[in-house]
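Q: Sharing a structure here in structure tokens format.
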Amino acid sequence: MKTFLFVGVLVTFAIVYANGNLQCKLPPAQIPTEWITMVDTCTRKMKNQIAEEVQAAITYMAMGAHFSRDMINRPGFAKMFFEAASEERQHAIKLIEYLLMRGEC
């Protein structure tokens, strides 16, 4: 029984020692930095999207104001357009926060 245990320990030691010497040596991985540091085209497109979101919010605000006028007086339409304007502003704010988080803007 002692011989079997000794052989088992010896084999285990040999495997551990062999694995330490047979490790593969690879060059470091080349990780693209375009996604770490934002590319100018991506930043430009996000800024264009922010401008689109703000323009949509302004348009919805104007439509909500139109339907709020005394002569028109459609409160349901006005409410719908004011809510849509708020949603578009929130989209712009989220994009701005993302750009600021990434060190842009």
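Q: Among the residues of region 47-63, are any among the hydroxyl-bearing types (Ser, Thr, Tyr) and over 30 Å from Glu104 (Cβ atoms)?
A: Let us first name the residues in region 47-63 that are among the hydroxyl-bearing types (Ser, Thr, Tyr), namely 59-60.
Of the ones still in play, those that are also over 30 Å from Glu104 (Cβ atoms) are none.
No - not one qualifying residue is present in region 47-63.
Q: Is it true that some residue in region 76-87 is hydroxyl-bearing (Ser, Thr, Tyr) and at pLDDT 95 or above?
A: Taking region 76-87 and keeping what is hydroxyl-bearing (Ser, Thr, Tyr), we get 86.
In the following step, the residues that additionally are at pLDDT 95 or above were identified as 86.
Yes: region 76-87 contains one or more residues that are hydroxyl-bearing (Ser, Thr, Tyr) and at pLDDT 95 or above.
Q: Residue check: is Met71 among the hydrophobic types (A, V, I, L, M, F, W, C), part of a loop (DSSP other than H, G, I, E, B) and open to solvent by 80 Å² or more (accessible area, probe 1.4 Å)? Let's see the steps before the verdict.
A: Details: among the hydrophobic types (A, V, I, L, M, F, W, C): yes; part of a loop (DSSP other than H, G, I, E, B): yes; open to solvent by 80 Å² or more (accessible area, probe 1.4 Å): yes.
Yes, satisfied.
Q: What are the pairs, 6+ residues apart or on separate chains, where a residue within region 81-103 that is open to solvent by less than 40 Å² (accessible area, probe 1.4 Å) and among the small types (Gly, Ala, Ser) has its Cβ under 7 Å from a residue that is assigned to a helix (DSSP H, G or I) and at pLDDT below 95?
A: Partner pairs satisfying both residue conditions: none exist.
The values are calculated or read from the model by the stated rules, or taken from the named source; none is laboratory data. All of these numbers come straight from a predicted model, not from anything done at the bench. Note that each Cβ is placed from the backbone with ideal geometry, even for glycine, and that neighbours are counted across all protein chains shown. We work out accessible area using only protein heavy atoms, side chains counted, and drop any ligands, DNA or RNA first. Shrake-Rupley method; radii C 1.70, N 1.55, O 1.52, S 1.80 Å.
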